[in-house]
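These notes concern the structure reproduced below.
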Amino acid sequence: LPHVIAQTGKLYPDSKLEKDLADAVVRPIPPAPRPEIPGTEGTQVPIQKVLATLPLAKARADERCVTERLTLANGLTLLYRREARLPVVHAIWASRGGLVFEDGQPANGSFALLTRLFSAGTDRYPKADFIRRLRLAGVDLSPFGGKASVGYRMHFLRDRLSEGADLFAAVAQNTGWKDGDFEVEKKSHLFSILARRENAWSMSSLFFRRKFFAGTPLSLMEEGDEDPVRKLQIPDLAALKTRFMNPAQTVVAVYGDLSKEELQKHFTSWLEKIPASKALPVPEVKFS
């Protein structure tokens with residue numbers, strides 16, 4: 001509890017919080033003042049003064065944060081924003097894809113399985129080695145995919161920029177997976193499809209989709225159906241990744257505590273070497 005509330009027991013007029021405190025066995029303990037951290041001695045301090053105590057914030061306290069949009073020669077859109085108040089870097093790869101494109105080629109469930117595979121290693125790193133590298137570098141990887149997009153997010157500390165950027169590139173440049181890792185992920189995905197049959201919410205949602213979006217990919221579930229997913233193999237998913245996660249329909253965003261020079265060294269240098277290709281037309285979805 002804030003120190004003032006702990007002393008008075010009043011959160012607002014006629015508050016009953018004091019009764020709750022009286023009934024509680026544990027009593028709130030006021031924080032010990034620390035002179036080196038403004039605000040802990042109980043006095044109000046402007047947020048600017050607090051931020052200025054952080055070395056990185058003090059070095060660039062007046063720096064204006066502006067998002068820059070860069071279009072590389074291969075058509076990829078790169079968003080960059082330097083934000084140095086915290087020693088963290090965020091990198092996101094987002095491509096057009098997902099359920100609306102699953103009209104049979106690719107098969108329903110292809111993008112959902114591909115999303116799982118982003119954290120299942122690469123052609124360079126088996127899954128166990130890949131996960132170990134993520135953990136040792138303190139990198140957080142979050143794949144995502146849905147009805148119209150597919151991609152992944154990573155964030156890591158500033159002093160792990162080299163390792164984090166290398167792992168980010170490893171996922172983007174991956175052209176396949178180890179056979180054992182692929183089969184484990186596919187079996188796990190098939191299990192989630194079968195488990196869906198026991199979920200009343202999933203089944204009612206599927207019924208609604210089939211009624212409302214009849215004749216379109218949106219009448220299907222993102223996870224896919226058992227038979228088409230079971231037939232998917234590594235070359236199918238590698239081709240899907242190459243086809244849809246191409247520069248013409250991709251946005252890469254890099255925000256955080258890194259300079260333009262570091263952006264060029266760790267991201268732009270390899271992003272601009274990805275072969276250019278044409279953007280795929282977006283399927284028209286008509287309501288029934």
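The values are calculated or read from the model by the stated rules, or taken from the named source; none is laboratory data. Values in this document were obtained by computation on a predicted structure and should not be read as measured data. All Cβ positions, glycine included, derive from the backbone under ideal geometry; neighbour counts span all protein chains shown. Surface areas here come from the heavy atoms of the whole protein model, side chains and all, with no ligands, DNA or RNA. Shrake-Rupley method; radii C 1.70, N 1.55, O 1.52, S 1.80 Å.
Out of the stretch 92-119, which residues are over 16 Å from the mean Cα position of the chain (by Cα) and not in a loop (DSSP other than H, G, I, E, B)?
To start, the set of residues in the stretch 92-119 that are over 16 Å from the mean Cα position of the chain (by Cα) comprises 99-110, 113.
Passing the criteria: LEU99, VAL100, PHE101, SER110, LEU113.
Considering every residue within the stretch 210-220, establish whether at least one is out of contact with any Cys (no Cβ under 9 Å at 6 or more places or on another chain), under 16 Å from PRO143 (Cα atoms) and of a type in the set (S, T, N, Q).
no
For the stretch 89-115, a tally of residues being at pLDDT below 95, more than 21 Å from PRO247 (Cα to Cα) and crowded, with 16+ Cβ neighbours inside 10 Å returns 3. From the list LYS178, LYS186, LYS231, the one residue that fits, being of a type in the set (D, E, K, R), under 19 Å from PHE111 (Cβ atoms) and under 25 Å from the mean Cα position of the chain (by Cα), is LYS186.
Restricted to helices (runs of 4 or more DSSP H) entirely inside the stretch 211-288, those with at least 1 residues that are farther than 30 Å from LYS187 by Cβ and in contact with a Phe, Trp or Tyr (Cβ under 9 Å, 6 or more places away or on another chain) are 260-263. Based on what the data block shows, is THR122 touching a helix residue (DSSP H, G or I) at 6+ places or on another chain (Cβ under 7 Å), of a type in the set (Ser, Thr, Tyr) and modelled with pLDDT of 85 or more? Yes: the conditions hold for THR122. Among the basic types (Lys, Arg), surrounded by 14 or more Cβ atoms within 10 Å (Cβ to Cβ) and within 17 Å of LEU114 (Cβ to Cβ), is that true of LYS241? Taking the combined requirement at face value, the residue satisfies it. Taking first residues from the stretch 201-218 that are among the basic types (Lys, Arg) and partners that are open to solvent by 30 Å² or more (accessible area, probe 1.4 Å) and not in a helix (DSSP H, G or I), the Cβ contacts under 9 Å between residues at least 6 apart in sequence or on separate chains come to ARG209/LEU220; ARG210/LEU220; LYS211/SER288.
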